[in-house]
1. I'm trying to understand the selection: among the residues of segment 115-143, which are of a type in the set (S, T, N, Q) and open to solvent by 10 Å² or more (accessible area, probe 1.4 Å)?
2. Do you know which residues across segment 15-65 are assigned to a helix (DSSP H, G or I), β-branched (Val, Ile, Thr), open to solvent by less than 60 Å² (accessible area, probe 1.4 Å) and closer than 18 Å to Ser136 by Cα?
3. Report every pair of residues separated by at least 6 positions or lying on different chains whose Cβ atoms are under 6 Å apart, first residue within segment 200-228 and without any contact (Cβ under 8 Å) to a residue 60 or more places away in the chain, second of a type in the set (Phe, Trp, Tyr) and open to solvent by less than 30 Å² (accessible area, probe 1.4 Å).
4. Where residues in segment 83-98 are under 18 Å from the mean Cα position of the chain (by Cα) and modelled with pLDDT of 85 or more, which of them is nearest to Ala149 (Cα to Cα)?
5. List pairs: first in segment 10-31 and in contact (Cβ under 8 Å) with a residue 12 or more places away in the chain, second surrounded by 15 or more Cβ atoms within 10 Å (Cβ to Cβ) and not in a helix (DSSP H, G or I), Cβ under 7 Å, 6+ apart or cross-chain?
6. Output yes when any residue across segment 3-16 is in contact with a Phe, Trp or Tyr (Cβ under 9 Å, 6 or more places away or on another chain) and closer than 25 Å to Arg83 by Cα, and no when none is.
7. Which ones in segment 194-223 are in a helix (DSSP H, G or I), of a type outside the set (Val, Ile, Thr) and over 16 Å from Thr181 (Cβ atoms)?
8. Restricting segment 68-112 to residues that are open to solvent by 70 Å² or more (accessible area, probe 1.4 Å) and outside any helix (DSSP H, G or I), which is nearest to Thr53 (Cα to Cα)?
Amino acid sequence: MRDDRGRPDSAVVRDALGVGVAVGLSGFAFGVTSAGGGLTVWQTCALSLLVFTGASQFALVGALAAGGNPLTAAAGAFFLGVRNAFYGLRLSQLLALPRAVRPLAAQWVIDETTAVSLAQRDRRGARIGFAVTGLSLYVLWNLTTLLGALGAEAIGDTDAWGLDAAGPAVFLALLAPMLRTTTERAAAALAVLLGLGLLPLLPGGVPVLVAALAAPLALWAEGRRADRARGDAEEERR
């Protein structure tokens, strides 16, 4: 079936499944990282079932594994997850789902479902993209989380296998394609410098919170640069 203004449903489903499967498989890395960081299999699975936002999950277990205070680790994960609330504001207008469905759909408002939905040309395509991406990713992420946690428990010391690097590696792989502008790259670079530079000085989890300041600092610098460019242009016109 094809909407008059949109893409064929099959094309939307194909793209949505591609995203869901590709990202869902990285739940294995989260399961390994979480179990290797000291959480039980059930705690690890509960995080994926209830939190279901990869960046926040990796941030939480990473801070806990580094010896951070649980409250500080949770705060860092929370601030990373706040972006989903802004996604929800946009998607609520785009999808216009029935009121009874919205609380359930809110669980699937993450980077991937937002990207697939916004890439569609009409509401029908956006709804299909959101549903297929959300369902495939949720099922696969939770299944691979369980497998990763069980695997980490079976092999014992994940550090000896180098699996402690799996979480950060997956996180960077998900983040890198999103850094398209100079400002975004500058913010990411500054966040890395702040996080790594403060790691020996501050308790575990706190450097992550401080690194979040990179975004407003980069935006402020970009605003100053734009103001100077406008000022120079006005001077030339005079």
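1. Of segment 115-143, the ones of a type in the set (S, T, N, Q) are 117, 120, 133, 136, 142.
Answer for segment 115-143, where residues must be of a type in the set (S, T, N, Q) and open to solvent by 10 Å² or more (accessible area, probe 1.4 Å): Gln120, Ser136, Asn142.
2. From segment 15-65, those assigned to a helix (DSSP H, G or I) are 15-24, 27-36, 41-50, 54-65; that's our starting set.
With the extra rule that they be β-branched (Val, Ile, Thr), the set shrinks to 19, 21, 23, 32-33, 41, 44, 61.
Adding the requirement that they be open to solvent by less than 60 Å² (accessible area, probe 1.4 Å) leaves 19, 23, 32-33, 41, 44, 61.
Residues satisfying the conditions are Val19, Val23.
3. Pairs that qualify, where the first residue is without any contact (Cβ under 8 Å) to a residue 60 or more places away in the chain and the partner is of a type in the set (Phe, Trp, Tyr) and open to solvent by less than 30 Å² (accessible area, probe 1.4 Å): there are none.
4. Of all residues in segment 83-98, those under 18 Å from the mean Cα position of the chain (by Cα) come to 83-91.
Checking the rest, the ones that are also modelled with pLDDT of 85 or more come to 84-91.
Details: Asn84: 26, Ala85: 29, Phe86: 31, Tyr87: 30, Gly88: 30, Leu89: 34, Arg90: 34, Leu91: 33 Å.
The selected residue is Asn84.
5. What qualifies is Val12/Gln120.
6. Step one: list which residues in segment 3-16 are in contact with a Phe, Trp or Tyr (Cβ under 9 Å, 6 or more places away or on another chain), which gives 16.
Imposing the further condition that a residue be closer than 25 Å to Arg83 by Cα reduces the set to 16.
Checked against the condition, which is being in contact with a Phe, Trp or Tyr (Cβ under 9 Å, 6 or more places away or on another chain) and closer than 25 Å to Arg83 by Cα, segment 3-16 yields at least one hit.
7. Taking segment 194-223 first, the residues in a helix (DSSP H, G or I) are 194-198, 206-211, 214-223.
Filter again for of a type outside the set (Val, Ile, Thr), leaving 194-198, 207, 209, 211, 214-223.
Answer for segment 194-223, where residues must be in a helix (DSSP H, G or I), of a type outside the set (Val, Ile, Thr) and over 16 Å from Thr181 (Cβ atoms): Leu194, Gly195, Leu196, Gly197, Leu198, Pro207, Leu209, Ala211.
8. Asn69
The values are calculated or read from the model by the stated rules, or taken from the named source; none is laboratory data. Just so it is clear, the model here is predicted, and its values are computed rather than measured. A quick note on method: Cβ atoms are made from the backbone with ideal geometry, for glycine too, and the neighbour counts reach across all protein chains shown. Side chains included, ligands, DNA and RNA excluded: accessible areas come from the protein's heavy atoms. Shrake-Rupley method; radii C 1.70, N 1.55, O 1.52, S 1.80 Å.
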